[in-house]
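The values are calculated or read from the model by the stated rules, or taken from the named source; none is laboratory data. Predicted model, so just to flag it, every value in this text is computed and none were measured. Note: ideal-geometry Cβ built from the backbone for every residue, glycine included; neighbour counts use all protein chains shown. Just so you know, the surface numbers come from the protein's heavy atoms only, side chains and all, with ligands and any DNA or RNA stripped out. Shrake-Rupley method; radii C 1.70, N 1.55, O 1.52, S 1.80 Å.
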Amino acid sequence: MTRTNVRLNGRGVAEGTAIGRAVVAVREARQVRYRLATGKVDRERQRLRSARAVTRSQLEEISSRVARTVGQAQAAIFAAQLLMLDDPMLTGRVDELIRSERINADWALELAIDELHSVFAREGDAWLRERVGDLADVGGRLASNLRPGRDPLVSLVQELDGPLVVVADEVSPSIAAQLDWSKVRGLVCDVGSPTHHTVILARSLGIPAVVGLGSVTQMILPGQTIAVDGATGEVVIEPDQEALERWTQRAQLADAAMHKLDELRAVPAATADGLRVRLDANLEMAEEVSRVLDAGAEGIGLYRSEFLLDRAASAGGLSEDAQFETYRRLLERMAPRSVTIRTFDAGEERWERRARAQGHRERFGLRGVRAALQHDDRFRVQVRALLRAAPYGRLRILLPFVTSAAEFRQVRDLIAHISKDVPSVGAVPVGAMIEVPAAALTADRLAREADFLSVGTNDLIQYTLAIDRTDERLSGHYEPREPAVLRLLRMVATAGRRSGRDFSVCGEMAADPLLVALMVGLGFRAFSMTPAAIPVVKRSLAAIDSRQAEVIARRAVTADCAEDVHRYLMPLADAMHAVVARDGTLAK
Ligand code: PEP
Ligand code: MG
């Protein structure tokens, strides 16, 4: 009998509550397990038959090719694999498990292979032991033929009926970009961090997420009902009636609180003493632009275009025309508001297949403008598409991972060169992201070259503090309040103000009301954030006095540690809470 109400606690990284059926995905092992709904057993058996047929013809082809080119003896290996494929203990057993256990073919294959492994080990026969490699080979081939060309989690979510909760060790951003999120209500992961791109995407889609649960993929069974609270980090497996009611109540309360913020959507953001602050939105999926408009954003401060690439990778590439259409629609929908499109910022880990083929997968490898300057084909195509779309709205181009004024100039020249072939383009502002300490330290020089500056605190913090932002083991040290980070921010604000250029912050720090107040104190007057944070930040800004924020910020940059900064911020936090208590709205 399954236990009900098993509680787990992790780190809530995307607010909201959700209830759904678990889909369990273990990326390392490429396992995907789920229970079949009645009526889907035959389809699953058919999937197995098809995969078996494809595997057979592949093995026959390899076997005859090896016989021709290498020799009969070597070809015998594949003949043996063919026999293994037809063994009742393998495909026969998989078929039986699908029927008797009502589980998906991939899971059944996993179990059948485990059983065969123990038989081979038990027999203690040297010949059989040698067959273990063949078994892995046939099993792997069969598994990949069950889901040709697609990530298992992506195709699984496609096949299942929602509402689902994705339970995974880790969901890479490229997989996240391809998921059908309309069926997914929640996300629960073994690892993860608030600035991981998958979590950023979940937040902007309003999907509650809890990460850092350790081995949740080992505890949750496919098909179990899961309740997720992305604010408290609570996850309940098989909630009972009472727990379900509690969850419904929480959802209603959160809805009501958000509702109260509705009236703020059309009001410009300002502090209590009347200092005007600009609030833009970040966007990952172009088709989600209505969220940006609904939130009352003044524009799009950061469109992370690399999500387009992730999706296109599974569809065989991204053409200039397809990009042009996406950018054009986005600009038209937002007009007359500005749209800042960041050129592709895909680290090599995002280009897994390519990186693996080339044998280097370092996380901090070729990326941002360096990648643009090296394999400029992708960049050139993107810039052409952007420039073609420019007349349809107010476009700004943002370059990621700039490290110096000279580097920026080089890319800017490249853009100017590309624009010669694009008819009728007016001047499009080109800005620099400040997300490595080198850029922050030379912000005064960069401000002379760039039309605007945008601080990416997610990366700036990781590079300043030497803390991988996606490594949950270090998440306790990932600290925006560190005085070193604040000093860099102040340098950018000073350089921006002196140059008269626009400057803003678009990292996740900009979605935290208290940190926004601190950055107002440091001199920032524009922020871009996940759409849902806009009304919350607006409400909090209205509660604080910018002159008090300035005094606190001046103290903060001379503090010894983040804890001290946190203490200095308390008067601002109190002012925000007082407004929340008065109005009954959420400030955080
Ligand atoms: C950042 O680094 O803060 C940023 C906004 O870019 P991303 O999160 O996409 O790396
Ligand atoms: Mg970044």
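Of note:
- Residue within segment 459-470 that is away from ligand 2 (no atom under 15 Å from the Cβ), closer than 28 Å to E563 by Cβ and open to solvent by less than 50 Å² (accessible area, probe 1.4 Å) present: no
- Considering segment 527-553, and only residues there that are within 16 Å of ligand 2 (Cβ to nearest atom) and open to solvent by less than 10 Å² (accessible area, probe 1.4 Å), the residue that is farthest from T494 (Cα to Cα) turns out to be M529.
- Test: residue in segment 510-526 that is within 16 Å of ligand 2 (Cβ to nearest atom), among the hydrophobic types (A, V, I, L, M, F, W, C), open to solvent by 10 Å² or more (accessible area, probe 1.4 Å) and part of a helix (DSSP H, G or I): yes
- Residues in segment 196-223 that are part of a helix (DSSP H, G or I), of a type outside the set (K, R) and within 16 Å of ligand 2 (Cβ to nearest atom): H197, T198, V199, I200, L201, S204.
- Consider segment 379-405 and keep the residues that are free of Cβ contacts under 8 Å to residues at least 40 places away in the same chain and more than 16 Å from ligand 1 (Cβ to nearest atom). The one that is least open to solvent (accessible area, probe 1.4 Å) is F379.
The rows are residues; the columns are (1) closer than 27 Å to A322 by Cα; (2) at pLDDT 95 or above; (3) more than 22 Å from the chain's Cα centre (by Cα).
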site	(1), (2), (3)
R353	yes, no, no
R361	no, no, no
G365	no, no, no
A372	yes, no, no
A390	yes, yes, yes
I434	no, yes, no
T442	no, yes, yes
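- Positions within segment 434-458 being among the hydroxyl-bearing types (S, T, Y) and more than 13 Å from ligand 2 (Cβ to nearest atom), in sequence order: T442
- Breaking point among (1) over 28 Å from V580 (Cα atoms); (2) open to solvent by 20 Å² or more (accessible area, probe 1.4 Å); (3) modelled with pLDDT of 85 or more, for E234: (1)
- Subset tally (residues that are under 23 Å from G521 (Cβ atoms) and either out of contact with any helix residue (DSSP H, G or I) (no Cβ under 7 Å at 6 or more places or on another chain) or among the aliphatic types (A, V, I, L, M) (or both)) for segment 259-280: 13
- Among residues that are assigned to a loop (DSSP other than H, G, I, E, B) and over 15 Å from D280 (Cβ atoms), A543 is included.
- Whether a residue is open to solvent by 20 Å² or more (accessible area, probe 1.4 Å) and under 20 Å from E284 (Cβ atoms) was assessed, and D114 does not pass this test.
Residues are listed down the side, and each one gets a yes or a no for (1) hydrophobic (A, V, I, L, M, F, W, C); (2) within 18 Å of R147 (Cβ to Cβ); (3) open to solvent by less than 60 Å² (accessible area, probe 1.4 Å); (4) in a loop (DSSP other than H, G, I, E, B):
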| site | (1), (2), (3), (4) |
| --- | --- |
| V32 | yes, yes, yes, no |
| T38 | no, no, no, yes |
| E44 | no, yes, yes, no |
| L48 | yes, yes, yes, no |
| A53 | yes, yes, yes, no |
| R56 | no, yes, no, no |
| I62 | yes, no, yes, no |
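- Residues of segment 433-448 that are touching a residue at least 40 places away in the same chain (Cβ under 8 Å) and surrounded by fewer than 22 Cβ atoms within 10 Å (Cβ to Cβ): P437, L441, D444, R445, R448.
- Among all positions in segment 69-78, there is no residue which is open to solvent by 70 Å² or more (accessible area, probe 1.4 Å), assigned to a helix (DSSP H, G or I), out of contact with any helix residue (DSSP H, G or I) (no Cβ under 8 Å at 6 or more places or on another chain) and closer than 30 Å to D229 by Cα.
- Test for S419: is it of a type in the set (S, T, N, Q) and away from ligand 2 (no atom under 16 Å from the Cβ): yes
- Every pair of residues 6+ apart whose Cβ atoms lie under 9 Å, when the first sits in segment 455-471 and is touching a residue at least 12 places away in the same chain (Cβ under 8 Å) and assigned to a helix (DSSP H, G or I) while the second is within 9 Å of ligand 2 (Cβ to nearest atom) and of a type in the set (D, E): T457/E435; N458/E435; D459/E435; L460/E435; Q462/E435; Y463/E435
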